[in-house]
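The values are calculated or read from the model by the stated rules, or taken from the named source; none is laboratory data. Small disclaimer: the values here were computed from a predicted structure and weren't measured. Glycine gets a Cβ as well: all are built from the backbone with ideal geometry, and neighbour counts include every protein chain shown.
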Amino acid sequence: MTAGLVLAAGAGRRYGGPKALVRLDGMLLVERAVATARAGGLDPVYVVVGAVADQVRARADLGDAVLVDNPDWETGMGSSLRAGLAALDATDATAAAVLLVDMPGITPAAVARVIAGAGPATLAMGGYADRRGHPVVLGRDHWAGVADTATGDAGARAYLRAHDTALTVVPCGDIADDTDLDTPPNP
């Protein structure tokens, strides 16, 4: 079973506010990420919250998604990844697919494609032309190593680089857009 891990703890300083609470096409970005995870075949779905955890709890309709508090959210995405993997450790999940709340163009089809055949030894990520991106699938065998190297805003980058020969890049550019929302659209 592959779990979903949505990272949604940041304050969105460059954006001008927390991206988890940004409304796009009638849905909060955190709701969209959870819906994408579920529709892509991920179960359970965990959401790491931080900067506006109380507001996410009060405003977002996340169904049975499990919210994980990251008290160290200000230190960057690495701490959210560590908090999420630690929470997932108590589940029966054999792998986790990581989604970022600020990438609404990631589709359920991309999630399903990247998690196909995932197991404890899997390292996989979406590929977009000449870039590597999300979703990123981390098999349970890698969770401790990822947690040990996840710092700042780099997340799993150092671990994936060190294990490049074990990493599968799954083409997703035909079914998803990995653009992240770092600044609000111009009115």
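Can we say Leu29 is of a type in the set (A, V, I, L, M), in contact with a Lys or Arg (Cβ under 6 Å, 6 or more places away or on another chain) and at pLDDT 95 or above? Yes.
Are there any pairs with C-beta distances below 7 angstrom linking a residue in the range 140-158 that is closer than 20 Å to Gly119 by Cα and in contact (Cβ under 8 Å) with a residue 12 or more places away in the chain to a residue that is of a type in the set (Gly, Ala, Ser) and buried (at least 19 other Cβ atoms within 10 Å of the Cβ), with the two at least 6 apart or on different chains, and if so which? That search, which allows pairs on different chains as well, returns Arg140/Ala93; Arg140/Ala95; Val146/Ala156; Ala156/Ala150.
Pairs linking a residue in the range 1-27 that is surrounded by 24 or more Cβ atoms within 10 Å (Cβ to Cβ) to a residue that is among the basic types (Lys, Arg), with Cβ atoms under 9 Å and 6 or more positions apart or on different chains, are Gly4/Arg38; Ala8/Lys19; Gly10/Lys19. Among the residues examined, Gly16 qualifies as part of a loop (DSSP other than H, G, I, E, B) and either β-branched (Val, Ile, Thr) or more than 25 Å from Ala90 (Cα to Cα) (or both).
Considering only the range 36-46, I want to know if a residue exists there that is of a type in the set (A, V, I, L, M), surrounded by 14 or more Cβ atoms within 10 Å (Cβ to Cβ), free of Cβ contacts under 8 Å to residues at least 40 places away in the same chain and touching a strand residue (DSSP E or B) at 6+ places or on another chain (Cβ under 8 Å). Working first, answer last.
Restricting attention to the range 36-46, the residues satisfying the condition of being of a type in the set (A, V, I, L, M) are 37, 39, 42, 45.
If we keep only those that are surrounded by 14 or more Cβ atoms within 10 Å (Cβ to Cβ) too, we end up with 37, 42, 45.
Next, only the ones that are free of Cβ contacts under 8 Å to residues at least 40 places away in the same chain stay: none.
No: the range 36-46 contains no residue that is of a type in the set (A, V, I, L, M), surrounded by 14 or more Cβ atoms within 10 Å (Cβ to Cβ), free of Cβ contacts under 8 Å to residues at least 40 places away in the same chain and touching a strand residue (DSSP E or B) at 6+ places or on another chain (Cβ under 8 Å).
The set of residues in the range 47-59 that are in contact (Cβ under 8 Å) with a residue 12 or more places away in the chain and among the small types (Gly, Ala, Ser) comprises Gly50, Ala51, Ala53.
Here is a yes/no grid of residues against (1) part of a helix (DSSP H, G or I); (2) under 24 Å from Asp177 (Cβ atoms):
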site: Arg32; (1), (2): yes, yes
site: Arg38; (1), (2): yes, yes
site: Gln55; (1), (2): yes, no
site: Gly63; (1), (2): no, no
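Can you find a residue in the range 125-133 that is among the hydrophobic types (A, V, I, L, M, F, W, C) and either at pLDDT 95 or above or in contact with a helix residue (DSSP H, G or I) (Cβ under 9 Å, 6 or more places away or on another chain) (or both)? Yes.
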